Amino acid sequence: MKTPKKNLRGGRPLWADSPRIAIRCRSRLAQERCDVVVVGAGISGALVALKLAEQGHDVVVVDRRAPCRGSTLASTAMIQFELDTTLSDLADKIGAARAERAYSRSFRSVRALGDLIARLGVSCGWKERNALYLAGTENGWRALEAEADYRAKIGLPSTFLDGSSLKSGFGIARTGAILSEGAAEANPVQLATACLRAARRLGARVYAPHNIRQAYPHAQGVDLETEEGATISARRAIFTTGYEVVSGVPRAKFDITSTWAIATRPLAAASLWPARCLIWEASDPYLYLRTTYDNRILAGGEDSGLQDNERRDAAISNKAHRLLHKIEDLLPGRRLQIDYAWAGAFADSPTGLPHMSPVEGLANCFAVLGCGGNGITFSVIAADVVAAWVAGRTDRDADLFC
Ligand SMILES: Cc1cc2nc3c(=O)[nH]c(=O)nc-3n(C[C@H](O)[C@H](O)[C@H](O)COP(=O)(O)OP(=O)(O)OC[C@H]3O[C@@H](n4cnc5c(N)ncnc54)[C@H](O)[C@@H]3O)c2cc1C
């Protein structure tokens, strides 16, 4: 069993300076025993651990870094049901019925996350937003109009805006866009640490930093061994190790690429756009942007197949300025200054869907890998899929993700 250690991000992510993102961890570990051990304490591990703890399982979470210091710290946290692959394209790739199920499940999962946050009373910058998907180089207005009709037909809250409505409503000059309800934004690190704290209140133990280097499955469960020789014995192990993907997840399922993001200095609230919807575009590479509670513009994109981390991080300044110029082109008349700029690893899959399944060759182990721009929505789904698997059931949509 291997989860190759990667440099998951570079530069200075906005969330690193947030309040309430530290979490007390146990550092001494010799031998532990539990029902389920969750390897990886990012947003996926946090949601999985909380779900399992709420269902009465005795849970241990272990991370080789401090919790939420992997990709979750780099995330721009636009939380959407719309996938990187449009519903129409996904239907071509995996069949209409499956594509419709994937979109509907994503839609319900964003809602479920909002409900969870309300139930926990977590303060994590959660705001429901509309999302505006602009016509671009990959899909023009005709394709977006057809896409909006298709989504509306299956009950998703998407409507098409033509170029003149877009201009008058948002001041954006494009040939058309899809406006969707049902999206949200958050501070992903405050969200994940709050879930870990809630899991801990239910008895979960969080250990860090401890690197799991080996798994030994057996008839009753699995023993995990740390680099220092400690062991965690569990009935089941869940690998929510993000883009440090556990071996056993087929390589054909994903590519690890690079992406960049910036946060501007705070602006006057009046100079942001109407209703502060999330904005993204049907282009490759695409630009996406949102606002923050303190009136910054948070934007990302410029994705490339670059896999060399040093070159990825060396490109931060250049990519940050390209992102800034793209925002200024899209939303002219604002004076923007970069305050934070960073880069991160990112997983891409041929369909944009994540991977969640038992690990090949490792009995009693399950792996979660959130691909594409919807990693957080997929983490919510992963918590359900994992909970069903641990209970010996199969989530009704599990077939979409394996
Ligand atoms: C720049 C950027 C922008 C993004 N924007 C968005 C967005 O707007 N919306 C969205 O939904 N998603 C977005 N994503 C994707 C989303 O952030 C990720 O899908 C999500 O954070 C992954 O969370 P995770 O918990 O799976 O992984 P991580 O946060 O990386 O957590 C995995 C943890 O596993 C630990 N680990 C790995 N191997 C071991 C081991 N052997 N032993 C112990 N611990 C181990 C790591 O230390 C790490 O802490 C973005 C990603 C990036 C990089």
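Below, the figures for the structure above:
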quantity: Test: residue in the range 250-259 that is over 28 Å from Ala367 (Cβ atoms) and not assigned by TED's automatic domain parsing to the domain that holds Arg213; calculated: no
quantity: Every residue from the range 40-87 that is assigned to a helix (DSSP H, G or I), within 6 Å of the ligand (Cβ to nearest atom) and farther than 18 Å from Ile117 by Cα; calculated: Ser71, Ala74
quantity: Among the residues listed as Arg393, Arg334, Arg312, the single one being assigned by TED's automatic domain parsing to the domain that holds Ala177 and more than 11 Å from the ligand (Cβ to nearest atom); calculated: Arg334
quantity: Odd one out for Thr193, checked against (1) of a type in the set (S, T, N, Q); (2) surrounded by 19 or more Cβ atoms within 10 Å (Cβ to Cβ); (3) part of a loop (DSSP other than H, G, I, E, B); calculated: (3)
quantity: Any hit, the range 334-347, residues being of a type in the set (Val, Ile, Thr) and closer than 23 Å to Leu14 by Cα; calculated: yes
quantity: Qualifying positions in the range 342-365 - surrounded by fewer than 24 Cβ atoms within 10 Å (Cβ to Cβ), more than 8 Å from the ligand (Cβ to nearest atom) and either in a strand (DSSP E or B) or not hydroxyl-bearing (Ser, Thr, Tyr) (or both); calculated: Asp348, Pro350, Gly352, His355, Ser357, Pro358, Val359, Glu360, Gly361, Leu362, Ala363, Asn364
quantity: Only listed residue being in a helix (DSSP H, G or I) and more than 10 Å from the ligand (Cβ to nearest atom), chosen from Leu166, Leu179; calculated: Leu166
quantity: Residue in the range 347-360 that is outside the structural domain of Ala299 (by TED's automatic domain parsing), in contact with a strand residue (DSSP E or B) (Cβ under 6 Å, 6 or more places away or on another chain) and more than 20 Å from Gln80 (Cβ to Cβ) present; calculated: yes
quantity: Failed item, numbered, when Ser123 is tested on (1) free of Cβ contacts under 8 Å to residues at least 24 places away in the same chain; (2) in a loop (DSSP other than H, G, I, E, B); calculated: (1)
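The values are calculated or read from the model by the stated rules, or taken from the named source; none is laboratory data. Remember, predicted model here, so these are calculated numbers, not experimental data. A quick note on method: Cβ atoms are made from the backbone with ideal geometry, for glycine too, and the neighbour counts reach across all protein chains shown.
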